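These notes concern the structure reproduced below.
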Amino acid sequence: MANKQTHFVAPENETPLMAVDSVTGDSQPSNLWLDAWRDMRRRPMFYISGALILLVIFVALFPGVFTAEPPNDKCYLSNSNAGPMWGHPLGFTRQGCDIFARIVYGTSTSLTVGILVTILTMGVGIVLGAIAGFYGKWIDAVLSRVGDIFFAIPYILAAVVVMSVFSHNRNVVVIALAIGIFAWPSTARVLRAEILRVKNSDFVMASTAIGVSRSRILWRHVLPNSIAPVIAITTMSLAGAIVAEATLSFLGVGLPSSFMSWGNDISQAQSDIRTNPMTLIWPSLALSITVLAFIMMGEVIREALDPKARASR
Amino acid sequence: MFGYILRRVLQAIPVFLGTTLLIYFMVFAMPGDPIVALFGDKGVNPAVADQLRHQYHLDQPFIVQYLIYIGGLFVGDFGTSFSGQPVANILAQTFPVTIRLAMLSLLFEMIVGIGIGLVSGLRKGKWFDNSALVMSLIFISLPIFVIAFVFQFFFAIKLGWARPTVSGAANWGELILPAIVLATVSIAYIIRLTRASVIDTADQDFVRTAYSKGLSRGRVVRVHILRNSLIPVVTFLAVDFGVLLVGATVTEGIFNVPGVGRTLYQAIIRGEGPTVVSFVTVMVLIYLVVNLLTDLLYAALDPRIRYGK
C-alpha cells in the first residue's frame, strides 16, 4: 500500500487557470454609475422629466424671455379678475396682476429654496451620517439620538415655529434653513445604514492593512461606495423642499408677499375659489408639474441605482 | 418582548426631553415681549407687567422655565392659549373631531390602497399596474392644499355632492370629503408598498406549494399572499395614523374642520406665537407616543425585529 494516493494531484496537461480567467478579463468591468446611466437612458420617463426640469431651470434663470413685463409693474384694478386677453394668456388676479408673469417670476423662488435645502440637508446629513456610521461607538450613539430629536418633530410644524421666531426678517435663506435643519436626519439615516454595510468590506480591511489613515479610508474609500442611496433620494428631497416652501407660504408663515412665490399666489387666490377659480388653478398646476418632474426623475434615478429594482422590472 | 419594550421606552426619554427643549428654546429666542403684547396698543403698567411676568415664571432663567413646563406636562398642564384658555381644554374639545377624521381617512387608505396595491402586484406589468403606478406618482407630487382645493372646487362647488366647508358639529358625513383629501397621498404610498410586498410574497415557495396542493386562486391570494404581505403595510398605516393626528393642519384649515389642526392653523394665521408653540409641542408628543407604539406593534408582528440587535 505504498502508492496509496492521499491527496489529489492535478494532471500536468490540464488547461491552465489563466486561460479561464482571461475570458472575463477582456470585458468591461461592471460599474454601478455607468450601468445606472445606461439604464436611465432607456426609459421614456427620464426624457420627459429631464425636459421638464431643464425648462423649469431655464424659466428660473431667464424669466424675461417669457414675459414682456415684470409682474408687478402693471397691475391695474380695472383688470381685476379679468379673463385671458392678448399678451396675457392666463388672465389676471384680483389685484389685476398678470397671472402668467407672476408664475414665471415665481419659478426661481421655488427652485432656489429647493436647491438651498437640498445642499443643506445633503451637507449636514452626509457629514453626520458618515461620521456616525463609520466611527460607531459613543459618537454614533450621540449623533443618532440628536438625529432622532430632529426627526421626531414633523418638519412642517418645526418650520412653522422657526418662521415664527424670524417673523421680522423672512427671506429665501431663512426659509431654506427652517426646512433644512429638520430635514437632514433622513439623509443621515440612509447613509449611516449603507456605511455600516460597506465598512466591513475587504477593501476597507486592505486599506487599513497598508496603513491608510482612518479618515482617508472614510472619505476616499467608504463614502464613494456608499453614496448611491443618498444620490437616489436627492431629487426627491428637492421636490419635498419645494412643496414645503409652498405650504409655508400658503400658511402665511413663508415668504412675505413682496416675494414672487407660487405658495403666496395660491394663498392669496383661495378666497376667490368661487368667483375666479383659475387664479388658484394656474399656480397650483405650475407647482404640481414642477414637483412631479423632480419626483419622476428621482424615481428613475432610484430604480437605476438599485440593481434589485432593475432586475424586477 | 418585555426587554424590548423597556429598551424602546428608555430610548424615547432623551428624544422626548430633547424635542421639548429644542422647541422651548426656539420660543425663548422669539423676538418681542409676550407680556407687552398682551396689552396690545394700551400703555403697560410696570407693576402689573412685573406681576404677570412673575405669574408666568418669565422672570426665571431659561432652564428653570423649561423644568416648570415639563413638570406641568406630567400633571396635564399644557400651557395657556393666547386668549387665556388652557390648551388642555381646547384639546379636549377639538381632539375628538381630529380622531374621527383620522379614522375615516385611515379607512379609505386601507380599502383603496390595499385593494389597488394587491391587484397591481398580482398583475405586474399589465396596463392596470402601469396606470396605478403613474397615478400614484402624480398623487405623491400634488401638494395637499392643491388636492384640497381641486376637490373642494370640483366635488363641492361644481357638482354639489358635499358642503365645501364643515359645520361646527362635524358629522361623519361632512368629514368624508376632507378625509378623502387627507387619504390621497398615503393611498399612493400604500399602493406602492402593497404592490412591492405582494410581488415579493407571490414568488415565495409556500405560495407555489399552496397552488400545488390544489387550493383555489382566491384562497391562495387571500390567505397566503395577502396576509403575508401586510406587515410593512400595517406598520405604515400605524405611523400614518400619527401623521394624520398631527398633520391635518392644512386640510382642516381649508375645510374648516373644527379639530386640532384648524386651531393651530388659525393660531398660525393670526400670528399667535405662544399658542402655536404649545400646540406644536403637544402634537410632537402625540407623534412620539404613536411612533413608539408602532415600533412595539412592529416587534409584535415580526419576531425578527425583537431578537435583532
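The values are calculated or read from the model by the stated rules, or taken from the named source; none is laboratory data. Just so it is clear, the model here is predicted, and its values are computed rather than measured. Don't worry about glycine lacking a Cβ; one is built from the backbone with ideal geometry, like all the others, and counts go over all protein chains shown. These area figures cover heavy atoms from the full protein model, side chains too; ligands, DNA and RNA do not enter into them. Shrake-Rupley method; radii C 1.70, N 1.55, O 1.52, S 1.80 Å.
Would you mention how many residues in segment B:250-285 are modelled with pLDDT under 80 and either away from chain A (no Cβ under 12 Å) or within 21 Å of B:E109 (Cα to Cα) (or both)?
Total satisfying the criteria: 0.
Kindly indicate which of A:Y135, A:Y105 is more than 13 Å from A:R192 (Cα to Cα) and more than 10 Å from chain B (Cβ to nearest Cβ).
It is A:Y105.
Might you check whether a residue that is aliphatic (A, V, I, L, M) and farther than 23 Å from B:T249 by Cβ occurs anywhere in segment B:160-180?
Looking for residues that are aliphatic (A, V, I, L, M) and farther than 23 Å from B:T249 by Cβ, one finds none in segment B:160-180, hence no.
Out of all the residues in segment A:187-216, which are in contact (Cβ under 8 Å) with a residue 24 or more places away in the chain, part of a helix (DSSP H, G or I) and open to solvent by less than 40 Å² (accessible area, probe 1.4 Å)?
Passing the criteria: A:T187, A:A188, A:L191, A:E194, A:I195, A:V198.
Confirm whether A:D148 is more than 8 Å from chain B (Cβ to nearest Cβ), surrounded by fewer than 22 Cβ atoms within 10 Å (Cβ to Cβ) and outside any loop (DSSP other than H, G, I, E, B).
No; evaluated as a whole, the condition is false for this residue.
Is it the case, given these coordinates, that B:L159 is over 20 Å from B:G242 (Cα atoms), at pLDDT 85 or above, assigned by TED's automatic domain parsing to the domain that holds B:G218 and more than 21 Å from the chain's Cα centre (by Cα)?
Spelling it out, it is not the case that B:L159 is over 20 Å from B:G242 (Cα atoms), at pLDDT 85 or above, assigned by TED's automatic domain parsing to the domain that holds B:G218 and more than 21 Å from the chain's Cα centre (by Cα).
Take segment A:251-281 and flag every residue that is of a type in the set (S, T, N, Q) and facing chain B (nearest Cβ under 8 Å).
A:Q270 - this is the single residue of segment A:251-281 that is of a type in the set (S, T, N, Q) and facing chain B (nearest Cβ under 8 Å).
Among residues belonging to segment B:202-235 that are touching a Phe, Trp or Tyr at 6+ places or on another chain (Cβ under 7 Å) and within 30 Å of B:L293 (Cβ to Cβ), point out the one that is farthest from the other protein chains (Cβ to nearest Cβ).
My answer is B:H224.
How many residues does segment B:27-48 contain that are modelled with pLDDT under 75 and open to solvent by less than 70 Å² (accessible area, probe 1.4 Å)?
Residues meeting the conditions: 14.
Look at B:A132 and say whether it is over 22 Å from the mean Cα position of the chain (by Cα), modelled with pLDDT under 85 and surrounded by fewer than 22 Cβ atoms within 10 Å (Cβ to Cβ).
When the stated conditions are applied, B:A132 does not pass them.
Take the residues in segment B:108-127 that are free of Cβ contacts under 8 Å to residues at least 12 places away in the same chain and open to solvent by 60 Å² or more (accessible area, probe 1.4 Å), then tell me which one is farthest from A:S284 (Cα to Cα).
B:R123
One residue is enough: does segment B:164-171 have a residue meeting the conditions surrounded by fewer than 20 Cβ atoms within 10 Å (Cβ to Cβ) and within 10 Å of another protein chain (Cβ to nearest Cβ)? Full working, then the answer.
The first filter runs over segment B:164-171 and keeps only residues surrounded by fewer than 20 Cβ atoms within 10 Å (Cβ to Cβ), leaving B:164-165, B:167-169, B:171.
With within 10 Å of another protein chain (Cβ to nearest Cβ) added as a condition, the list becomes B:164.
Scanning segment B:164-171 turns up at least one residue that is surrounded by fewer than 20 Cβ atoms within 10 Å (Cβ to Cβ) and within 10 Å of another protein chain (Cβ to nearest Cβ).
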